[in-house]
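Below you'll find the structure, written out as structure tokens, and then a few comments.
The values are calculated or read from the model by the stated rules, or taken from the named source; none is laboratory data. Just so you know, these numbers come straight off a predicted model, no measurement behind them. For neighbour counting, all protein chains shown are included, and Cβ atoms are generated from backbone atoms with ideal geometry for every residue, glycine included. SASA here: full protein model, heavy atoms, side chains in, ligands and nucleic acids out. Shrake-Rupley method; radii C 1.70, N 1.55, O 1.52, S 1.80 Å.
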Amino acid sequence: MTITFYTNFINHHQVPLADEFYKLIGDGYTMLTFEPLPEEFRKRGYEDFSYKKYLLPAYESRERLQEAEELAISSDVVILGAAPEFLIRDRLEKNKLTFRYEERLFKKIDRRLIHLEYWKKLYKEHTRYRRKNLYMLGASAYNRLDTAMLLSYPHKCFKWGYFINVPSINITSILQEKEDQPLKILWCGTISQVKRPDLAIKLASKLKKDHIEFQLNMVGSGGGEWTSLITNLIDKLEVGRYVSLLGNLPNEEVLQMMRESHIFIFTSDRGEGWGVVLSEAMANGCTVVASNKIGAAPFLVKHKKNGMLFQSGSIKSLYKAVKFIIENNSLRKQFAVEAYNTIKNEWSPQIAAVNFIKLVDSLQRDESDILINEGPCSRAHIINSKKLLK
């Protein structure tokens with residue numbers, strides 16, 4: 001089997017899965033990129049993976065780009081992330097097995113929606129191929145809702161995401177080590193509107209009023225406007241003693257903070273396409289509380305089983321979920337164990353790679369014969385975000 005994955009540039013979100021594909025099919029797996037790692041990402045600490053054996057940088061020469069065009073036709077399977085549309089046009093006309101790899105299509109409700117040209121573009125990329133051998137790997141639980149609005153991918157959407165290297169940790173020991181420690185709450189992300197850091201500060205204010213002793217650590221930086229808003233909100237609500245703004249930190253340091261923290265709060269709104277940090281928190285001993293509109297949350301978090309969900313944007317709902325965890329210590333630890341098991345046993349790159357190859361085998365035989373019932377490559381359905389909280 002030959003699998004070719006097209007993307008803009010290689011990054012650490014893609015490498016764990018790519019490594020697993022390479023272990024399974026060797027030189028049968030190729031990752032094609034169309035630009036080097038951007039300088040802005042290098043400055044943010046992204047590792048340069050240009051040494052990977054499976055990498056084919058199409059931007060380096062005309063010969064490499066021609067090889068990319070040839071693979072678009074000759075590969076048994078193509079996964080299309082960010083790449084020029086012309087590469088798959090001939091492939092789809094020949095009805096060869098192809099997957100799109102997308103987060104949700106309508107992250108934002110903006111002015112594009114009133115322009116006919118925008119809808120024509122969506123039609124050309126998605127709806128017109130609804131009867132072709134084209135499928136969707138939805139890296140968001142809300143991808144299926146968006147594609148349904150376009151009348152595309154009927155029964156052809158499968159659960160997908162971004163996959164992390166799951167650490168081999170003793171989750172029980174990690175939980176025991178922080179058992180008698182003061183309550184630590186962790187928040188990570190860009191200080192921006194999409195991430196809703198203001199909800200974390202408002203939560204701190206409510207916990208303070210309850211006379212709960214805690215420390216809220218916030219990792220990340222952002223634009224001046226939102227950074228000023230957050231620092232002003234900290235002063236206004238008088239929670240400076242409880243909140244630490246730590247700025248950007250190396251990923252390994254953040255993972256260690258997760259192992260030392262009791263609760264991880266993920267406050268983003270619907271603009272968060274997936275949210276790899278959720279997987280990382282679940283895999284490193286945190287009990288997670290996540291907004292129900294985050295792309296990864298409905299796939300990864302089972303409410304009151306391996307974590308908690310809250311109504312996106314609602315400080316009342318966030319506070320209620322965090323308070324529940326604080327007041328139920330045994331459940332907090334149980335959720336953390338179940339969260340780790342979810343990432344290790346259901347959403348690891350090893351399982352995703354194996355499931356994808358099983359899915360391909362099934363589709364090549366009979367589309368109705370899909371044997372994967374849970375996790376990556378199981379069928380995706382339209383999700384009602386409010387019902388997730390029940």
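Taking the conditions exactly as written (in a loop (DSSP other than H, G, I, E, B) and touching a Lys or Arg at 6+ places or on another chain (Cβ under 6 Å)), does Val166 satisfy them or not? So Val166 fits the description; yes.
Would you call Phe324 among the aromatic types (Phe, Trp, Tyr), buried (at least 18 other Cβ atoms within 10 Å of the Cβ) and modelled with pLDDT of 95 or more? In short, no. Annotation: Ser152 fulfils all but one of (1) in a loop (DSSP other than H, G, I, E, B); (2) surrounded by fewer than 18 Cβ atoms within 10 Å (Cβ to Cβ); (3) in contact with a helix residue (DSSP H, G or I) (Cβ under 9 Å, 6 or more places away or on another chain); (4) in contact (Cβ under 8 Å) with a residue 24 or more places away in the chain; the unmet one is (2).
Condition first: assigned to a helix (DSSP H, G or I), out of contact with any Asp or Glu (no Cβ under 8 Å at 6 or more places or on another chain) and under 22 Å from Arg131 (Cα atoms). Now tell me which residues in segment 359-390 satisfy that.
Listed by number, the residues that qualify are Leu359, Asp361, Leu363, Gln364, Arg365.
Of the helices (runs of 4 or more DSSP H) lying entirely inside segment 191-283, the ones with 1 or more residues being more than 30 Å from Gly138 (Cα to Cα) are found at 197-209, 224-237, 251-260.
Of everything in segment 208-240 that is in contact with a Lys or Arg (Cβ under 9 Å, 6 or more places away or on another chain) and of a type in the set (A, V, I, L, M, F, W, C), the residue that is nearest to Met257 (Cα to Cα) is Leu216. When restricted to residues that are more than 15 Å from Ala139 (Cβ to Cβ) and either within 26 Å of the chain's Cα centre (by Cα) or surrounded by 13 or more Cβ atoms within 10 Å (Cβ to Cβ) (or both), segment 90-123 contains 16. Restricting attention to segment 348-383, which residues are open to solvent by 10 Å² or more (accessible area, probe 1.4 Å), within 23 Å of His303 (Cα to Cα) and within 19 Å of the chain's Cα centre (by Cα)? Matches in segment 348-383: Ile351, Glu374, Arg379, Ala380, His381, Ile382, Ile383.
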